[in-house]
Structures are given as C-alpha cells and as structure tokens.
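Scroll down for the structure; my scribbles are underneath it.
The values are calculated or read from the model by the stated rules, or taken from the named source; none is laboratory data. These figures come from a predicted structure and were not determined experimentally. Backbone-built Cβ (ideal geometry, glycine too); neighbour counts: all protein chains shown.
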Amino acid sequence: MKLCNAYDKYWPVANEIGFVECEVDQLVAWYINWKSRRGKTPHVRSIPERFPYLLNALFPLSMPTSRKIIFVPTSSSWTAFFSNSANGNNATAARFYARSLGCRGLRFVCSAERQGDEKYRGWPARIFSLYDGRSLERDYSRTVEVMYDGYRWSFEQFGGLLNAEDPAAYRRRRVKDRFLCEELVELVASLGIFPLDEHFFYGTEAVLCVDQDPPRSNERSFTQEELREFRMKPIRAWDRRNGSLPGVRQEKPG
C-alpha cells in the first residue's frame with residue numbers, strides 16, 4: 001500500500017479527505033436542506049461505481065469554488081466527502097458540517113513530496129484535524145500537522161493528546177519526521193477510519209450533489225491535464241484577483 005498520494009490518479013480531488021461521524025443519509029439530507037435555504041437546491045443522484053472509480057464523477061474541476069460534492073458511506077460510523085474544486089478537496093468543511101450536525105468531523109491529509117518535475121502539485125503535508133461539533137465552547141478537539149511551505153518544514157499541535165499518539169515522536173530532531181505518514185494512518189485508525197483502504201468505502205451507495213445555479217462570471221473548469229498545465233504557468237493577475245493561486249485554497253463550504 002502506498003501511504004502518500006494513494007489515490008494520485010484522482011488528483012487533486014483526493015489530495016485530502018473529509019469525514020463526518022454520521023450516516024450518509026443524514027449528512028446528505030442536511031446538506032440539501034442547507035443549500036436549499038440559500039436558494040441553491042442541488043441536483044442529487046446516486047453513483048453506481050465503486051471507490052475510488054466514483055471520483056471520476058467530480059471531473060471536470062471548478063474554480064474558484066466547487067460545484068460538485070460526493071458523500072461516500074464507509075464500513076464505520078463515518079461518512080467521507082470529496083469536492084471538485086480545482087484547488088483540491090475542501091476537507092476543512094468537516095468542521096462546519098460537524099458543528100451543524102452536532103457530531104465529530106475529521107480532516108485527513110497525507111500528501112508526498114514532489115517527484116521530478118511535479119511543480120503543479122501542492123506542497124507535502126501530513127495533517128490530522130479532529131473537530132468536535134458537540135462542544136459549544138471549542139470545536140477544535142485535536143490537531144497534529146507537519147507541512148512544507150516551499151521554504152521550510154513546520155510542525156504544530158493543538159488540543160489534548162489522544163491515547164493513540166506518541167508524544168516522543170514530536171521531539172524528533174528533523175521537523176519533517178515528527179509526524180510520519182504511518183503515524184497519521186495509525187492515529188485515524190484509532191477512530192475507526194481507514195482512508196487508504198479502498199474496501200473501507202461503500203462506493204456503490206455514494207451520493208453526488210451538483211449545484212444548479214448559473215456559473216459565475218469568473219468561473220472556470222478544467223480537466224486534470226488542463227489543471228496540470230495551468231499550475232505550471234507563472235501566477236498571473238487574474239489568479240491573484242480570484243483567489244486561485246496554485247496550491248492555495250480560499251474556499252468556503254458549498
């Protein structure tokens with residue numbers, strides 16, 4: 001099993017995965033109601049393909065905001081979601097979903113370092129962010145992350161230690177080694193989540209929601225190859241105005 005970039009074929013929609021601890025029907029019903037109250041009732045349909053092949057339904061990709069989202073049930077109490085933003089899946093939306101539903105949410109990022117001429121790819125990172133929407137005071141339950149920003153590696157942690165963590169690892173000399181892919185996978189496994197195991201996802205019961213509102217004037221769509229070429233180009237003024245700098249996501253849920 002390849003730990004980092006396990007679903008590289010579906011870059012960038014699988015560059016990170018969001019999870020919400022509730023049944024897929026409950027999450028989809030809440031999402032439809034939330035969008036409808038904003039005057040944006042989505043088109044909803046089931047996806048018959050298995051995981052990860054069902055992720056093809058998210059292409060082409062959208063910028064600056066996503067137009068499609070897939071909710072995928074799993075063999076545990078968690079539901080996964082993937083969006084079609086050209087800037088990558090907005091897994092941080094798990095915090096908003098969890099708070100709205102009064103449950104837990106999780107952001108999982110396990111991306112490898114660039115190989116060769118992969119300048120289109122975002123910077124490497126390992127991120128574990130657990131949100132507790134059941135708490136009215138603080139919904140950030142636990143975050144552990146190590147990432148590279150193009151200049152240096154950084155390590156951060158917030159919240160109380162979980163039983164599955166090894167605090168000694170966070171004192172390793174090399175910053176990039178303080179939170180390894182293997183340790184990230186073990187940490188999410190302690191919550192009953194196995195994101196790199198294709199059989200963990202019940203793909204044949206997945207639900208796709210597609211926005212029906214008219215495209216914005218600054219909206220663009222990309223195939224995967226077009227996005228690779230676009231990210232290889234120098235940053236232009238259009239990109240700065242529209243918040244679509246390569247490797248940077250500035251998007252709100254939905």
With respect to Lys40, determine if the residue is assigned to a helix (DSSP H, G or I), at pLDDT below 90 and at negative phi. no
Do you know which residues across region 217-230 are in contact with a Ser or Thr (Cβ under 8 Å, 6 or more places away or on another chain) and either exposed (fewer than 13 other Cβ atoms within 10 Å of the Cβ) or part of a loop (DSSP other than H, G, I, E, B) (or both)? Glu219
Would you point out the residue of region 149-207, among those that are of a type in the set (S, T, N, Q) and in a loop (DSSP other than H, G, I, E, B), that is farthest from Tyr7 (Cα to Cα)? Asn163
With the structure loaded, tell me whether Glu145 is at negative phi, modelled with pLDDT of 90 or more, charged (D, E, K, R) and surrounded by 14 or more Cβ atoms within 10 Å (Cβ to Cβ) or whether it fails that test. yes
Residue count, region 66-83, condition buried (at least 24 other Cβ atoms within 10 Å of the Cβ), in contact with a Leu (Cβ under 9 Å, 6 or more places away or on another chain) and either modelled with pLDDT under 95 or over 25 Å from Glu219 (Cβ atoms) (or both), comes to 4
Which listed residue, of Val207, Val188, Val144, Val175, is under 21 Å from Ala112 (Cβ atoms) and touching a residue at least 60 places away in the same chain (Cβ under 8 Å): Val188
Here the residues within region 84-109 that are over 7 Å from Gly18 (Cα atoms) and in a strand (DSSP E or B) are Ser85, Arg104, Gly105, Val109
Only one of (1) in contact with a helix residue (DSSP H, G or I) (Cβ under 9 Å, 6 or more places away or on another chain); (2) in a helix (DSSP H, G or I) fails for Val72. Which number is that? (2)
Taking the criterion of being touching a residue at least 40 places away in the same chain (Cβ under 8 Å) and either on the phi > 0 side of the Ramachandran plot or surrounded by 23 or more Cβ atoms within 10 Å (Cβ to Cβ) (or both), would at least one residue in region 5-12 satisfy it? yes
